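A quick write-up on the structure given underneath.
No value in this document is a laboratory result; all are computed from the given coordinates. Fair warning: this is a prediction, and the values are worked out from it, not measured in the lab. Note that we place each Cβ from the backbone using ideal geometry, even for glycine, and neighbour counts take in every protein chain shown.
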Amino acid sequence: MFGSVYHGKRVLVTGHTGFKGSWLTLWLHAMGAKVSGYALAPLHADDLKHFIPREVLEHEWIADLRDREKLLEAIQTAKPDLIMHLAAQPLVRLSYKEPLETFSVNAWGTALLLETVRETGCTAPVIVVTSDKCYLNQNLGRPFSEDDPLGGHDVYSMSKAATELVVAAWHASFFAREPGRGRLASVRAGNVIGGGDYAADRILPDCTRAQVAGEPVILRNPSATRPWQHVLECLSGYLNVGQHLFADPGCKELLNLNFGPDPESERSVGEVVKAFFDTWPGRWEARPDPSAVPEATRLTLSHQKATRLFGWRPVWDFQKATQVTAEWYRVRHTQKDADMLALTRQQIMDYAAQARSAGLPWTN
Ligand SMILES: NC(=O)c1ccc[n+]([C@@H]2O[C@H](COP(=O)([O-])OP(=O)(O)OC[C@H]3O[C@@H](n4cnc5c(N)ncnc54)[C@H](O)[C@@H]3O)[C@@H](O)[C@H]2O)c1
């Protein structure tokens with residue numbers, strides 16, 4: 001996979017204790033990468049991170065991104081060939097409660113990371129994970145492409161737009177100009193689903209918590225539409241970017257890329273819940289919350305640029321993505337002593353096998 005470029009590479013993953021970071025750690029490790037992690041401790045007792053043996057990681061720092069001394073130590077010790085920056089406050093609703101913390105971790109934390117990379121003389125390229133919400137949502141009736149204006153009506157979206165501006169400024173001012181410096185890329189994905197995520201206010205973790213409690217899941221906004229995709233889809237995109245940053249560091253088009261699903265995966269919250277319950281039967285109730293904070297109702301991403309550049313495209317359709325996700329949670333919560341590490345690794349291999357059958361270039 002990925003031209004074997006990750007075999008033996010030292011990769012520092014920030015946010016490795018989180019949902020995406022845990023899957024990424026396992027995928028990189030399966031490809032022979034030497035993975036180190038830097039993040040806060042996992043937040044939830046059921047998080048995927050708890051199933052990952054410590055020896056999968058070369059080094060691990062449980063520390064705040066804004067702890068400059070620790071970050072310096074991590075980069076100097078891990079000596080990464082590539083940094084994948086996923087650490088962030090990722091929740092829109094929490095950003096209403098903790099606006100300064102959200103802005104600080106997401107934008108300032110990214111700036112600190114990039115400055116620390118420079119300070120240590122590290123020449124690794126850095127891939128910064130932002131979000132579809134970094135785009136100014138003007139309800140234009142078409143998917144966002146990479147050149148669309150950035151902006152945000154809520155603090156989370158603004159913090160991700162600000163993170164994009166940090167990346168663009170550090171790229172133009174330093175990373176693209178300083179001899180020998182690795183390059184920067186920002187990557188944007190949609191609403192991600194997959195096993196092992198227990199974050200608050202995300203719909204499939206909400207369904208799982210309701211199932212475990214034997215209660216119906218309450219839907220605040222069942223008609224809100226989102227571009228759903230399995231976590232392995234966006235990770236395959238990020239890994240494609242890494243591969244091409246190594247192969248063609250001067251390629252300006254790698255600076256920002258969308259990895260959204262196909263239009264058939266733009267579905268309402270009601271549809272995703274129904275698809276989840278097809279695999280793990282349960283009940284739901286629509287109960288609009290008049291005090292709910294405003295959230296954009298329609299956000300979609302065009303992945304045309306990634307398709308043109310390296311033939312990336314989604315592998316699992318909406319049905320398959322929700323089915324494997326529901327299967328992960330169902331096994332976790334209904335089978336005593338289920339081997340979740342083995343199931344997660346199997347889902348990664350199944351995804352790669354299907355991508356290979358579909359002829360995706362990254363599978364070579
Ligand atoms: N999950 C989604 O649907 C989605 C969609 C678009 C973008 N994203 C982005 O993807 C990235 C990963 O998201 P996720 O879903 O895995 O979130 P998550 O909450 O599961 O993980 C976040 C990670 O960041 C770490 N972190 C948070 N604050 C930190 C701090 N102050 N110092 C150090 N580490 C800190 C956490 O410890 C954790 O490891 C984020 O940048 C998020 O904004 C996620």
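Among residues other than E69 with Cβ under 15 Å from its Cβ, the summed charge is -2 (Lys and Arg +1, Asp and Glu -1). Dipole orientation for segment 61-194: of the candidates P179, T116, N139, N139 has the Cα lying most toward the positive pole (charges on Cβ; Lys, Arg +1; Asp, Glu -1).
When only Cα pairs under 8 Å and 6 or more residues apart are kept, what is the percent relative contact order across segment 101-233? All intermediate terms of the calculation are to be shown ahead of the outcome.
Details: 147 pairs, mean separation 34.8, N = 133.
Once normalised by length, the contact order is 26 percent.
Scalar couplings 3J(HN,Hα) for segment 174-188, obtained by applying the Karplus form with A = 6.51, B = -1.76, C = 1.60 to θ = phi - 60°, are 10, 5, 7, 10, 7, x, x, 6, x, 8, 10, 9, 10, 10, 10 Hz; x denotes Gly and Pro. Calculated mean residue ellipticity at 222 nm for the chain: -12000 deg cm²/dmol, from DSSP H runs with n ≥ 4 weighted as -39500 (n - 2.57), summed, divided by the residue count and rounded to 500.
Taking amide hydrogens as placed 1.01 Å from N in the peptide plane, the amide H of A286 sits under 5 Å from those of L219, each at least 5 positions away in sequence or on another chain. At a Cα cut-off below 19 Å, give the aspartates and glutamates reachable from K252, other chains included and same-chain residues fewer than 8 away excluded. Output for K252: E146, D147, D148, E164, E178. How far is helix 203-213 tilted off the main Cα axis of the chain, in degrees rounded to 10, range 0 to 90? Roughly 50 degrees, rounded to the nearest 10. Ranked by the mean number of other Cβ atoms within 10 Å per residue, highest first, peptides 208-218, 280-290 order as 208-218, 280-290.
Each Lys or Arg adds one and each Asp or Glu takes one away; over the other residues whose Cβ falls under 14 Å from the Cβ of D47, this sums to +3.
Taking only the alpha carbons of segment 163-239, we obtain Rg and Dmax values of 18.6, 59 Å in that order.
For segment 80-166, which trypsin sites (Lys or Arg not before Pro) are both in a DSSP coil and crowded by at most 10 other Cβ atoms within 10 Å? Filter output for segment 80-166: empty list. Residues in segment 26-37 carry Karplus couplings, in order, of 5, 5, 4, 4, 5, 8, x, 6, 9, 9, 10, x Hz; the curve used is 6.51 cos²θ - 1.76 cosθ + 1.60 with θ = phi - 60°, and Gly or Pro positions show x. Taking the chain as a Gaussian network of alpha-carbon nodes connected by springs under 10 Å, the highest mean-square fluctuation of the residues T163, T307, T102 belongs to T307. The long axis of helix 231-247 is offset from the longest Cα principal axis of the chain by roughly 10 degrees. Between the Cα long axis of helix 340-357 and the first principal axis of the chain there is an angle of about 80°, rounded to the nearest 10. Among N221, N137, N191, the largest mean-square fluctuation in a Gaussian network model of the chain, built with springs joining Cα atoms closer than 10 Å, belongs to N221.
Of the candidates A189, A124, A247, which one comes out as most mobile in a Gaussian network treatment of the chain with C-alpha springs shorter than 10 Å? Of A189, A124, A247, the Gaussian network model singles out A247 as fluctuating most. The calculated pair-distance distribution of segment 47-167 uses every alpha carbon pair, bins of 10 angstrom beginning at 0, and gives 12, 37, 32, 15, 2 percent. Here the relative contact order of the chain, from alpha carbon pairs under 8 Å that lie six or more residues apart, stands at 17 percent.
Taking every alpha-carbon pair in segment 162-208 and binning the separations at 5 Å intervals from zero gives 5, 17, 18, 11, 9, 11, 11, 11, 6, 1, 0 percent.
Basic side chains Lys and Arg get +1 at the Cβ, acidic Asp and Glu get -1 at the Cβ, and with that the dipole of the chain about its Cα centre reaches some 380 debye.
Neighbours of L28, meaning other residues whose beta-carbon lies under 15 angstrom from its beta-carbon, give a summed charge of +2 when Lys and Arg score +1 and Asp and Glu score -1. Dipole orientation for the chain: of the candidates V241, T322, H85, V241 has the Cα lying most toward the positive pole (charges on Cβ; Lys, Arg +1; Asp, Glu -1). Let me check against my output: what whole-number percent is the relative contact order of segment 1-131, with C-alpha pairs under 8 Å and at least 6 apart? Over segment 1-131, the number comes to 27 percent.
Taking only the C-alpha atoms of the chain, Rg followed by Dmax gives 19.3, 59 Å.
Annotation: amide H of G182 within the under-5 Å range of A124, sequence separation 5 or more or interchain, hydrogens built in the peptide plane. The string of couplings for segment 102-117 from the Karplus curve (6.51, -1.76, 1.60, θ = phi - 60°) is 4, 5, 5, 5, 6, 8, 5, x, 5, 4, 4, 4, 5, 5, 5, 4 Hz, one whole number per residue in order, with x for Gly and Pro.
Exposure proxy shown here: for D278, D64, the number of other Cβ atoms within 10 Å sets the order, fewest to most, as D278, D64.
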